[in-house]
1. Run L96 past the list (1) open to solvent by less than 10 Å² (accessible area, probe 1.4 Å); (2) over 30 Å from Q18 (Cα atoms) and report the number of the one that doesn't hold.
2. Among what's in segment 152-211 and is farther than 21 Å from I124 by Cβ and of a type in the set (V, I, T), pick the residue that is surrounded by the fewest Cβ atoms within 10 Å (Cβ to Cβ).
3. Surrounded by fewer than 20 Cβ atoms within 10 Å (Cβ to Cβ), in a loop (DSSP other than H, G, I, E, B) and at pLDDT below 95: which single residue out of L16, L24 fits that description?
4. Restricting attention to segment 172-182, does a residue exist that is of a type in the set (D, E), modelled with pLDDT of 95 or more and over 19 Å from E140 (Cα atoms)?
5. For segment 62-70, does any single residue satisfy the condition of being in contact with a Phe, Trp or Tyr (Cβ under 6 Å, 6 or more places away or on another chain), free of Cβ contacts under 8 Å to residues at least 40 places away in the same chain and in a helix (DSSP H, G or I)?
6. Within segment 127-135, can one find any residue that is within 17 Å of the chain's Cα centre (by Cα), at pLDDT below 95 and open to solvent by 70 Å² or more (accessible area, probe 1.4 Å)?
Amino acid sequence: ADIAEVNYEHGAAIHLYQNGKTLLPPEALLIRLHIERQLGNLHFLRREYRDAKTCYEAMLEFAVCAGDEVKRAIALNRLGRTHVATGDLDLGRKLLLKSIEVFREQSDMRGIASCLDDLGRLQIRMGDNKDLNEAQAHFEKALQIREQLADKRSVALSHYLIGDVLYQMGHLRQAHERFMQSLDLRRDVEDRQGIAESLVGIGLVLAEFGR
């Protein structure tokens with residue numbers, strides 16, 4: 001199932017994970033937790049949000065039973081994302097805030113940065129300039145954490161997200177700088193999908209310059 005997922009065979013991966021669940025003993029909590037997380041992620045990618053929510057809720061239950069606070073935070077985060085994706089922004093925000101609280105209790109800096117990204121994306125969905133400013137603030141905080149961790153791939157993501165919100169605010173030159181920073185870092189780590197994303201951002205800015 002993991003191989004099928006890596007190869008983007010999402011339907012096959014879901015089928016294999018579901019079959020695998022039936023073979024596990026009840027006490028195999030950590031394996032069940034992993035499967036529910038992977039299934040939730042696959043359903044989320046396919047925009048099957050009801051199924052994703054069910055999987056993440058099961059993941060949360062297994063994390064609580066296993067006493068794994070980091071996995072509990074991840075499950076809360078994924079549930080928050082799912083509710084935001086379906087338009088339930090208030091519940092999504094509550095879950096994301098609870099998730100970042102647990103990550104902070106566990107001193108999980110990567111988890112904190114990821115939650116800050118999600119809170120920033122939520123603010124963008126809210127739509128007005130105040131929300132965009134708050135989104136940028138979340139992304140900047142996540143960038144500071146990632147620079148301390150020296151994680152180039154994640155630093156590149158932060159620059160991209162900041163560039164995107166600056167673009168939406170009409171700050172084209174600053175957005176272009178951020179997109180270029182993200183592109184350079186993504187080329188360094190050979191992140192092909194990220195490179196494509198950064199190039200699209202640069203193209204949007206250049207198109208605005210050309211008007």
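1. The failed condition is (2).
2. V189
3. Of L16, L24, the one residue that is surrounded by fewer than 20 Cβ atoms within 10 Å (Cβ to Cβ), in a loop (DSSP other than H, G, I, E, B) and at pLDDT below 95 is L24.
4. Step one: filter segment 172-182 for residues of a type in the set (D, E), giving 177.
From what's left, modelled with pLDDT of 95 or more: 177.
Adding the requirement that they be over 19 Å from E140 (Cα atoms) leaves none.
No, segment 172-182 contains no residue that is of a type in the set (D, E), modelled with pLDDT of 95 or more and over 19 Å from E140 (Cα atoms).
5. no
6. Within segment 127-135 (the criterion being within 17 Å of the chain's Cα centre (by Cα), at pLDDT below 95 and open to solvent by 70 Å² or more (accessible area, probe 1.4 Å)), the answer is no, since none of the residues qualifies.
The values are calculated or read from the model by the stated rules, or taken from the named source; none is laboratory data. Predicted model only: the values in this text are computed from it and were never measured. Note: ideal-geometry Cβ built from the backbone for every residue, glycine included; neighbour counts use all protein chains shown. Ligands, DNA and RNA are excluded from the accessible area calculation, which covers all protein heavy atoms including side chains. Shrake-Rupley method; radii C 1.70, N 1.55, O 1.52, S 1.80 Å.
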